[in-house]
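Below: one structure, written as structure tokens.
The values are calculated or read from the model by the stated rules, or taken from the named source; none is laboratory data. These numbers come from a predicted model, not from an experiment. Please note: Cβ atoms are built from the backbone with ideal geometry, for glycine as well, and neighbour counts cover all protein chains shown.
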Amino acid sequence: MMGQHQPQNELFSYSVNLDKRVRCDHPLRRILQVVDFSFVHGAVAGAYGYNGHESVDPVIILKMMLLLFLDNVESERELMRIIAERLDYLWFLGMGLDDEIPDHSVLSKARKRWGPELFRDLFVRVVAQCVDAGLVRGDKIHMDGSLVDADASKASVVKGSPELIAQLRKVYEGEERKLEDRGNVHNPNMEKINERAMSTTDPDSALVNKDGNCRLRFKHHRAVDDAHGVITAVKTTAGDAKENGQMMALVVQHEANTEVEVTTVIGDCQYGTAENMRACAQQDIRCHLGDFREKQEGKGRREGIYDEDDFVYAEATDTYRCPAGQTLTRRKHKTKRRAFEYAAAASVCRACPLRSQCTRANGTARSIKRHEGQEWIDRARGQSRSHAAVRDRIRRRWLMEGSFADAANNHGFKRARWRRLWRQTIQDYMIATVQNIRILLRHGAGPANAAARGPASLENSDLTDVASSCPPQMIFTTSRGELITTCSSN
């Protein structure tokens, strides 16, 4: 006999048990096993008073923000709308069917009240769990940066002299403090922004031209561990900040978060500057960076002429000898670049029969630049040309680009949800945290309070089969239980 269901509203739902409605292998159930959210109570206790209305539990707020990025929900309003429809979300938040869903403004108020420090704490705690689970090698890291479109239009940009823009920014920030009552919330990673242009919508963003598309942007910098692609250090700056200027800051942050000393740094040619190579050698860090100088050689005005390696340095006399046998002496110190300039007399250089192969300059002598601590730079440059360095840079291509591709495809990385640098810093911390949590789940990590352990095997046999045919950093599972393989580059 065929049955027919007669839908009707129940007056009471005493028998509904959300714990039984969420399957035992649900990713959100595993996240609760792995991540301890209870620390937030102590971390934000000083941000709340003793009188007045009782706030939403900070643990629930933090979990909501995690869901926002885990499933890349379109907006906070949309998140609040679908929480009531998702039994797994309600269970994850510790809420019941009849509990009132908070207003979306609860999240924005919490961010302003807590500041980026709480989210940095969550990120560091998850990194520590990855270390305990044996998923972080620690001594070898890859680093790169990626642009993030700001939530501001080019129409909001005003231009003027550096003095005018500086004064306008000062006035704007003063008015913003009055309107938002931001208190001690500040921009801890503030970088120098375009001096002649400013967005009135988001003054912390900067105009950056990429592939002919000029937009207001931020820049996200991250360090990724070599073993399993765990993100161990992140930094957020304005879009016009130099990537190579963040290398040592990421190294310091990585060592603080993992408690492991870095011995090898891998990066592309943007990081292979004289300053970074000198810093690596002086701190006894193996330099596997691409050589920025080699990227410039043979191009533009340097095409078809002798490069700097064709000039021989004599340490005893502090001079260079050019391919024509002439002596180049020190004549100038470039303080900003921390380098000395060497050249022969202009009359000697103009009469040289090899001049056409040596310089494109009109009437002036060919000069050679020697940096302070050049011996350290030469040592690092030699390491960057080794076979091991080439292999590491090849591995970096899919490891770093895969990390950014996953963040962009699954967590809304390429577009800022909110305005101002301190809010973008929160977004970057949350995305990195979510990615690390997924790596923990993929490798079957245990509870957050478990003792230190070695690498664990995957629990799902189907996932193991996929992992055998694809780089491990490219395989992810969403809270919906969907298997995602990301092999595209950023």
Taking interchain pairs and intrachain pairs at least six residues apart, which have beta carbon atoms under 7 angstrom, with the first residue in the stretch 237-250 and closer than 22 Å to A197 by Cα and modelled with pLDDT under 90 and the second polar (S, T, N, Q) and surrounded by fewer than 21 Cβ atoms within 10 Å (Cβ to Cβ)? D240/N194; E243/Q270
Quick one: is L122 part of a strand (DSSP E or B) and at pLDDT 90 or above? no
I need the full set of residues from the stretch 350-406 which are over 30 Å from T329 (Cβ atoms) and of a type in the set (A, V, I, L, M), in order please. A388, A389, V390, I394, L399, M400, A405
Taking the condition of being of a type in the set (G, A, S), closer than 19 Å to I83 by Cα and assigned to a helix (DSSP H, G or I), how many residues in the stretch 31-65 meet it? 0
All-but-one check, S205 against (1) modelled with pLDDT under 70; (2) surrounded by 13 or more Cβ atoms within 10 Å (Cβ to Cβ), failing number (1)
Kindly provide the set of residues from the stretch 61-103 that are surrounded by 16 or more Cβ atoms within 10 Å (Cβ to Cβ) and under 19 Å from N17 (Cα atoms), ordered by number. I83, R86, D88, Y89, L90, W91, F92, L93, M95, I101
May I ask you to verify whether K210 is in the same structural domain as T433 (by TED's automatic domain parsing), modelled with pLDDT of 80 or more and either among the polar types (S, T, N, Q) or within 15 Å of A241 (Cα to Cα) (or both)? yes
Leading residue by the ranking (surrounded by the fewest Cβ atoms within 10 Å (Cβ to Cβ)) among those in the stretch 270-287 that are closer than 29 Å to L135 by Cβ and among the hydrophobic types (A, V, I, L, M, F, W, C): A279
